[in-house]
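Read the structure below first, then the notes.
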Amino acid sequence: MKRAAVIIIIAVVIIIAGLVVLILSRNQPQSVETKLVVWSPFDEAEIYQEISADFLQKNPGVTLELKKISAKDAKDYEAKVVNAIADGDGPDIWLARFDWLPKHLAKSQPYPSVGNTDPIATFSQVITPAIIGLNVFDGQLYGLPFSADSLAFIYNRDFYLKARRELDEAAQAALEAPAKSWDELKTQMALISQRQGTNLNRSAIALGTAENTFAAVDVLSAFLAQAGARIVSEDGQSIVFNLSGLDPADPSRFPSTEALDFYTSFARSSSDHYSWNTGLGDPIEAFLAGRTGGLIGYHSTLQEILKKKPSFEIAVSPLPQRLPEGARVDFAAGWTHLVNRDSANQALAWRYLGALANSSLIDRYARATGKISPVDSQLKVSARRYEASEAEELFAAQLSSAKNLFKPEWQTVDEVFQDAIKQVVNSGISPQNAIDSAALRLKELIALRAND
């Protein structure tokens, strides 16, 4: 009898102990692992893991999945990401080009409001304010970039020196310093280029065509921004691309027409500074082969040239401005991080990006990838010749004066711009008529967006 009682008591103790353990285990915080998924067109997983190390150490429940999306071009990459998001299989964060943002605002989650904190002001203390501005729409911050690039004039010093020696004293004086303005660029290219009818014996600059000007749409966009052009009205309801009255100082001026006229003048044989045509082939190859003396390109363009021909005597000067006086207007391109609005980890995604938006981490990323850091360096653009070894300073300094066009839908706008160039250069249509035609197509785009 006593033995049976002991057994019962032991059984009761075991049951009670088990219940206690079960209850206590239920009350213990569970280790929940959250995976942040980042998609990119670049193979940069290693550097992202490096700059994310501190964040991941402080957040042990978070893992990072970095995936390069293989694509034939930027358009294909964008389509793959958009389709995945539509299917509910998209990433938490993805990289998009600066000029893609207007198209993808509805799919993106802006930085969350936290008390009285102003994220735009906060991040502008780290990243150049002008670059942050390219990521702001309707007063909200949609993207954070860790690199950026700007357009500048890249030229072959020996090519220009040889051409200069053939000129008289007055002409040589006009080539003494790099062109600061549109007018100076036209004057200098007219002195350097040589032609026989429509044939170019010596091309001063690869500029003016749609088919074989490096980054033709970007260069035209830069000139449009400098001219003060706009695609849509401030309220976003109408197309003003072909109109005058956008410049309070000169309401009679047609900014878009002026910019297209300037851009295409270098590829029109009727121009006295005719310098480029489609027969001269790829602009970078022509530059490397000495068939042209210069081009407008990015820091990445300069790197590509020097990689192919390290001994090349290259100089770089600031992007010529419409007017030499007044505030500079430059053009910046780059990729920014967007947070997917359908992500279940929106707050965490922004907390992660905010942690990485640190000057030392961004600079580390830029050094590892060979890109230009967008960290506010306080550098000033100097109207001089920069040697290739110091050119990074110029490309970085120009970021502070970046002012890009608002493109409602980048693919359509880019096609419209390319066609406008072709109409002027290939078909002989006047710049104003080409701009009017472009405006009609852009109106159709606005109408389609309104009906979506």
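The values are calculated or read from the model by the stated rules, or taken from the named source; none is laboratory data. What you are looking at is a predicted structure, and each value in this text was computed from that prediction instead of being measured. All Cβ positions, glycine included, derive from the backbone under ideal geometry; neighbour counts span all protein chains shown.
Numbers at a glance
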item	result
Subset tally (residues that are out of contact with any Leu (no Cβ under 7 Å at 6 or more places or on another chain) and touching a residue at least 24 places away in the same chain (Cβ under 8 Å)) for region 281-294	7
Single match in I362, I421, I435 (criterion: in contact with a strand residue (DSSP E or B) (Cβ under 8 Å, 6 or more places away or on another chain) and part of a helix (DSSP H, G or I))	I362
Test: A225 is small (G, A, S) and not in a loop (DSSP other than H, G, I, E, B)	yes
Set S300, S275: member being over 19 Å from the mean Cα position of the chain (by Cα) and farther than 25 Å from Q140 by Cα	S275
Count of residues meeting criterion [farther than 29 Å from V416 by Cα and either surrounded by 17 or more Cβ atoms within 10 Å (Cβ to Cβ) or touching a strand residue (DSSP E or B) at 6+ places or on another chain (Cβ under 7 Å) (or both)] in region 191-214	7
Qualifying strands (runs of 3 or more DSSP E) (wholly inside region 279-342; at least 3 residues being modelled with pLDDT of 95 or more and under 30 Å from A106 (Cα atoms))	335-339
Residue check for L338: touching a residue at least 60 places away in the same chain (Cβ under 8 Å) and either hydroxyl-bearing (S, T, Y) or in contact with a strand residue (DSSP E or B) (Cβ under 9 Å, 6 or more places away or on another chain) (or both)	yes
Filter pass, L167 being surrounded by fewer than 21 Cβ atoms within 10 Å (Cβ to Cβ) and in a loop (DSSP other than H, G, I, E, B)	yes
